Every structure is written in structure tokens, then in C-alpha cells.
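First the structure, in the form of C-alpha cells, and then the observations on it.
The values are calculated or read from the model by the stated rules, or taken from the named source; none is laboratory data. From a predicted model like this one, the values you see are computed outputs, not experimental measurements. Cβ: placed from backbone, ideal geometry, glycine included. Neighbour counts: every protein chain shown. Heavy atoms of the whole protein, side chains included, go into the accessibility calculation; ligands, DNA and RNA do not. Shrake-Rupley method; radii C 1.70, N 1.55, O 1.52, S 1.80 Å.
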Amino acid sequence: MRWLIFALFGAVLALVAVPAPGPIAFEEIADRAGIHFVADNCPTPNKNLPETMLAGVALFDYDNDGYLDIYFVNGAAIPSLKKDSPQYWNRLFHNNHDGTFTDVTEKAGVKGEGYGIGVAIGDYDNDGWPDIFLASVTKNQLFHNNHDGTFTDVTDKAGVGGAMLDGKKMWAVSAGWFDYDNDGRLDLFVSNYCKWEVNKDPFCGPNSSTRAYCHPKNYAPLPNTLYHNNGDGTFTDVSAAMGISQIRGKGMGVAFADYDHDGFMDVFVANDNAPNMLFHNLGGKKFEEVALQTGVAYPESGSYMSGMGADFRDVDNDGYDDIWMTGFEGDTFPLFRNRGAAGDFAEITGASGIAGVTRAMSGWSNGIFDLDNDGWKDLLVARGHVLDNIALMSLRKAEEPNTVLRNLGNGRFQDVSAGAGAAFQTALAHRGVAFGDVDNDGRIDAVVSVLQGNAQYFHNISKNANHWILLKLVGVKSNRMGLGAQVRITTDAGVQYNHATTSTGYACSSDPRVHFGLGPSKVVKEIDIVWPSRIHQTLHNVPADQILTITETADRH
């Protein structure tokens, strides 16, 4: 077999020649699977801004049976902002292992309260059972997993109901769990959006008689919130002490990665019509905001964009995590390549082919995942504009089809949405998307929320001869979920990198297991893990096509 050697973004990799890839394809099977959920944002004539932003979806194994379950966040009645009817309940669907799901919301006790937006999954007390945090317009919530299929609301005890500003609880949009000080306990970052009060939005109609949703510039920005895990079921707001709350923006998607390889997780926040934020972690003792000097505060145009979703992963297999974010029509969806030793990023949206494809699109949640298991991470975005504004102003509809961009492995991406299935190309008001291997077949699936429409479950049916491996990490000295663990694999086809995180896109939480597509390789020569504890662990000659549980231990070669 002939070896091909080429340079990708400056990194030279050796890859085995493989046949032409088959399409990245999905079948939409939510109805068949028994997933019946409508994101009810309670649209009103007053055009309250939160009506545009309902999104949250989570994929996680709440009962530890080895299969991912699905949780949807829902809105509430306006103006009460209360879930006064089952139509506004959040919903938990249990995976029955046979391609179907059962609604267990009432039994589990997770219908929620208030007007929800986002969800973050993390095992905050290291008991081996994942817990649920909800980011909301109203009071945020933390549900503790009781290990028996039920949850208990521990928000008040934990102290995470929401930070206050000027006497009002701040509107939270997204959140994520990460261990910023590597003490073995997951901390919580919450992105807050803007100052808002129900039925008090400015009049922003396209004419004097027609009301429309207002542009974000009409609302004052907010600081984000960082909670430190005290290890006793409570949290302390350390936003000011850690350098987080001094900077205000309109926070949307949150993503974590150790972009400079110093052993501590950093935080990227996509901002809506404000400069993006990159909080560089200074050894777990403080953060410095470095978006401007590292080149990720603005797109190449140099102007504000409507930053929405974000993912923070290595797209070019050079060992450094890159940033891909979404925006609205005219923004493009910027891709920032991590320049490694230079300590900054270069925007490659145009050179990669993404700019031309996405310039006319509006996107919300997104993710960087290898959807065809060829060894190169692809891009998928849930698309839709802000309800009826675009229809009023330009005679276009707010509904848009989703988009998938295949990573060609040569620094460029190709729009392959046309071959992804008829349902995938259906125009709807898509918002959230969470990623994970729902049926444990080695292919990454996607679950999408739709405003005033039925949620979609895109089962990955891509057909090819590629192999895969899925790693479930169990921390011992590190946090139990292993979030933040850095993973490098080596196969006959080359080297790949990924890390454990649940924070992807906009207001969503994805499979915590670490996935790698292996292309033609049937064996992983080496799996190298650096845990947040700095324990270094290596496994050799691991067979492909399996879900492998790896428990943190001292390195054994």
C-alpha cells in the first residue's frame, strides 16, 4: 500500500491511502424512536428576546446503563416565566437500548422551573453519577443524581441559583463543567447574556406598526460567572477574584481546552455582537482575558459578529486545539487555527473553504466531531435565523436546513449536506444540537432542538470501512468524569488528538466519552492520556471498534 505524505497547516503527517469516502449520512428517526418534544418558547406579540434563544439539549448516561439518554430544556409561559403547564416541562428520555426511548421526566423529577435556555452535565460530587445544571433566564438549577433514576434539586444548598447584578439575577444562557485548578473537583462556568425584563423590550419594528425582535445592541452586556467547587456540595462564586467578572459581554456558547499546553484548561466564550473572550488560565490561580492578543476576539473583518455556538478541538491533527464558532447571515462561521508555539490563532475561514459556504447562513449550536470515522474531525451546525426578523426585513424565512462540512484532511472542508439525507436538508428553526454515539455503534449521532417544532434525532448511517474507538474515562485522583483529560492516539495512519469535555456548541452538553475515527486501522498502537492530575497513562495495541473504559492509574508501559 502506497504512503502519502503531505503538509497540513504546517504539520507533516503520514497517512495510509484509502478508498474514496462514502457520504456522511443520517436518518431522522425521532418519531420512530419515541422522542416527542417541542421546544415551546411561548412567542408573544411583545417579542420578548428570550423567545428567540431556547436551545438546550444534553446527551448523557444518567442511569449508568451504558447508553446515552436525552434531556431537553424548555421555555415557560410569558409573562409569568413559570412552567405552568406540561407543555413547558423540560423532558428526560431514557434510552431503551433497542432504538426507542421512554419519557421518564416525572419519575426522575427533572421537569424544571422557570424559563430555561441551556444545560450542562457533570459529576460535581465525584460519586460516579452525572448531575444536571440548567442555565436559565430565571433561577438556574442544579439537579443531583440520586443513583436510582431520580434527581433532587440542590440549587439552594449548592449556591448556584445565579449571580446577581444591580439587584437582579443575571440571564444565563450556557454553562460548562471543568476543573480549573486541577483539584479533582469540577467547577462551573456560566455565560450570562444581557440585561432584560419581561415585556419591557424596546420597540424594534421594521416599521412603525410592526414589532420585531430587537438587535442585541439594544441591551446592556453582563459579566460571566465562575463557581469554585468546595468539595462539600457547595460552590463559591469566585468570578471577581479569578478575573472573570471584570469584563462584560453577551455570552453565548462556552467551550474548554488547554490551548497553550500548560496543563490548565482555558475558556472560550462566543459573544453576541461583542468581542469574543478567551480566558487564559494562569495555573488555577487567576484568569487573564487574551482574546484580542491571541487573534480570536473578532473575525477577519475586524467588526463584531453575532457569535453563537463554539467548539474547541484539534481539527488538523497537529496537537493544538482550534476554535470553530457560528454566527448569523453575513458573519461566516469563523475557524481559528491554533498556531501552537506562537501562542495565538490565525483565522483560516477563507482558506479552508468555510467562508464561502457559510456566509449566507445563520447558525446556532455546532460541534467538531469525526462523523465518518476517517480520522479527521468534521463540522456540523444547527441552523436557523432569529424567528421572524429576517422574514420581516428581507422576505426570507427564519427556517434553515442544517449543514455538515467534511474535513478533507488537506486543510479544507467540503459542504456535503446534500448527501446527508432528505430530513437533514429540511428547513426549520433549529437551535441546539448535542453529539454522541446514542446506539453505541461507533458513529456519532446528533440530537437537535427546534423552536415550535418536533425535536430531531439524526442517527448516523454513514457507510464505509472505517474503524473507531470510544473511550470512557474514569478519574480517580482527577475528577470522576475525567473532563479535561488530554488524549493522543497513534495508529498506522498517523496521530490524532482529542480531550474529554461535555461543553459543545450553544447551550448544549454532549457525550463525555472521547471518540476517535481510525480510518482503515484495526488496532490503536498507542493511547496516551494526560489526566488533569498530571498522571500520565499509556495503553498499547488496543483493538479497534470497541467502547473502552479506562480508569486513571499510574503509567504502565
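Looking only at the stretch 439-472, count every residue that is of a type in the set (D, E, K, R) and either surrounded by 24 or more Cβ atoms within 10 Å (Cβ to Cβ) or in a strand (DSSP E or B) (or both) and tell me the total. I'd like the intermediate steps shown before the answer.
Going residue by residue through the stretch 439-472, those that are of a type in the set (D, E, K, R) are 439, 441, 443, 445, 463, 472.
Next, from what is left, pick out any that are either surrounded by 24 or more Cβ atoms within 10 Å (Cβ to Cβ) or in a strand (DSSP E or B) (or both): 443, 445, 472.
Adding up the residues that qualify gives 3.
When you scan the stretch 136-152, how many residues do you find that are more than 17 Å from Asn126 (Cα to Cα) and touching a strand residue (DSSP E or B) at 6+ places or on another chain (Cβ under 6 Å)?
Number satisfying all stated conditions: 3.
Quick one: which of Gly482, Gly475, Gly517 is open to solvent by less than 10 Å² (accessible area, probe 1.4 Å), at pLDDT 95 or above and at positive phi?
Numbers: Gly475 fails: at positive phi; Gly517 fails: at positive phi.
Unique residue meeting the criteria: Gly482.
Limited to the stretch 253-263, what total is found for residues that are in a loop (DSSP other than H, G, I, E, B) and either in contact (Cβ under 8 Å) with a residue 60 or more places away in the chain or within 17 Å of Gly363 (Cβ to Cβ) (or both)? Reasoning before the result, please.
Of the stretch 253-263, the ones in a loop (DSSP other than H, G, I, E, B) are 258-263.
Of the ones still in play, those that are also either in contact (Cβ under 8 Å) with a residue 60 or more places away in the chain or within 17 Å of Gly363 (Cβ to Cβ) (or both) are 258-260, 263.
Counting residues in the stretch 253-263 that are in a loop (DSSP other than H, G, I, E, B) and either in contact (Cβ under 8 Å) with a residue 60 or more places away in the chain or within 17 Å of Gly363 (Cβ to Cβ) (or both) gives 4.
When you scan the stretch 298-318, how many residues do you find that are in a loop (DSSP other than H, G, I, E, B), touching a residue at least 12 places away in the same chain (Cβ under 8 Å) and of a type outside the set (Ser, Thr, Tyr)? Can you show your working first?
Filtering the stretch 298-318 down to residues in a loop (DSSP other than H, G, I, E, B) leaves 298-305, 307-309, 314-318.
Filter once more, so that each one left must be touching a residue at least 12 places away in the same chain (Cβ under 8 Å): 298-300, 304-305, 307-309, 314-318.
Filter again for of a type outside the set (Ser, Thr, Tyr), leaving 299-300, 305, 307-309, 314-318.
Qualifying residue count for the region: 11.
Name the residues in the stretch 231-252 that are assigned to a loop (DSSP other than H, G, I, E, B) and either in contact with a Cys (Cβ under 7 Å, 6 or more places away or on another chain) or of a type in the set (Asp, Glu) (or both), would you?
Looking only at the stretch 231-252, we keep the residues that are assigned to a loop (DSSP other than H, G, I, E, B), and these are 231-234, 238-247, 250.
Of everything in the stretch 231-252, those that are assigned to a loop (DSSP other than H, G, I, E, B) and either in contact with a Cys (Cβ under 7 Å, 6 or more places away or on another chain) or of a type in the set (Asp, Glu) (or both) turn out to be Asp232, Lys250.
Looking only at the stretch 524-544, which residues are crowded, with 17+ Cβ neighbours inside 10 Å and in contact with a Ser or Thr (Cβ under 9 Å, 6 or more places away or on another chain)?
Correct list: Val524, Ile527, Asp528, Ile529, Trp531, Pro532, Ser533, Ile535, Gln537, Ala544.
Scan the stretch 219-249 for residues that are within 17 Å of Pro50 (Cα to Cα) and exposed (fewer than 14 other Cβ atoms within 10 Å of the Cβ) and jot them down.
Filtering the stretch 219-249 for residues within 17 Å of Pro50 (Cα to Cα) gives 219-222, 249.
Correct list: Ala220 only.
Tell me, please, whether a residue that is small (Gly, Ala, Ser), more than 27 Å from Phe264 (Cβ to Cβ) and open to solvent by less than 10 Å² (accessible area, probe 1.4 Å) can be found in the stretch 329-339. Even if it seems obvious, please write down each step before you answer.
Looking only at the stretch 329-339, we keep the residues that are small (Gly, Ala, Ser), and these are 330.
Now narrow it down to the ones that are more than 27 Å from Phe264 (Cβ to Cβ): 330.
Keeping just the survivors that are open to solvent by less than 10 Å² (accessible area, probe 1.4 Å) gives none.
No, that holds for no residue.
Taking the condition outside any strand (DSSP E or B), in contact with a helix residue (DSSP H, G or I) (Cβ under 8 Å, 6 or more places away or on another chain) and in contact (Cβ under 8 Å) with a residue 60 or more places away in the chain, does Gly184 pass? Step through it out loud before you land on a result.
On the way: outside any strand (DSSP E or B): yes; in contact with a helix residue (DSSP H, G or I) (Cβ under 8 Å, 6 or more places away or on another chain): no; in contact (Cβ under 8 Å) with a residue 60 or more places away in the chain: yes.
Spelling it out, it is not the case that Gly184 is outside any strand (DSSP E or B), in contact with a helix residue (DSSP H, G or I) (Cβ under 8 Å, 6 or more places away or on another chain) and in contact (Cβ under 8 Å) with a residue 60 or more places away in the chain.
Scan the stretch 9-39 for residues that are crowded, with 20+ Cβ neighbours inside 10 Å and modelled with pLDDT under 50 and report the count.
Residues flagged as crowded, with 20+ Cβ neighbours inside 10 Å and modelled with pLDDT under 50 within the stretch 9-39 amount to 2.
Out of the residues in the stretch 152-199 that are in contact with a His (Cβ under 6 Å, 6 or more places away or on another chain) and within 24 Å of Asn74 (Cα to Cα), which is most open to solvent (accessible area, probe 1.4 Å)? Walk me through how you get there before you give the answer.
Kept after step one, since they are in contact with a His (Cβ under 6 Å, 6 or more places away or on another chain), are these residues of the stretch 152-199: 152, 154, 187.
Now narrow it down to the ones that are within 24 Å of Asn74 (Cα to Cα): 152, 154.
Details: Thr152: 62, Val154: 25 Å².
Selected residue: Thr152.
For residues in the stretch 41-90 being charged (D, E, K, R), touching a Phe, Trp or Tyr at 6+ places or on another chain (Cβ under 8 Å) and part of a loop (DSSP other than H, G, I, E, B), which is nearest to Ala446 (Cα to Cα)?
By that ranking, first place goes to Asp61.
Residue check, Thr501 against (1) in contact with a His (Cβ under 9 Å, 6 or more places away or on another chain); (2) closer than 30 Å to Ser174 by Cα; (3) not in a strand (DSSP E or B), all met but one. Which one?
Of (1) in contact with a His (Cβ under 9 Å, 6 or more places away or on another chain); (2) closer than 30 Å to Ser174 by Cα; (3) not in a strand (DSSP E or B), only one is false for Thr501: (1).
Please work out which one of (1) out of contact with any Lys or Arg (no Cβ under 8 Å at 6 or more places or on another chain); (2) touching a residue at least 24 places away in the same chain (Cβ under 8 Å); (3) more than 18 Å from Asn454 (Cα to Cα) is the condition Gln87 fails and give its number.
All conditions are met except number (3).
Given (1) over 21 Å from Asn273 (Cα atoms); (2) in contact with a helix residue (DSSP H, G or I) (Cβ under 9 Å, 6 or more places away or on another chain); (3) touching a residue at least 40 places away in the same chain (Cβ under 8 Å), identify the lone condition not met by Asn199.
(2)
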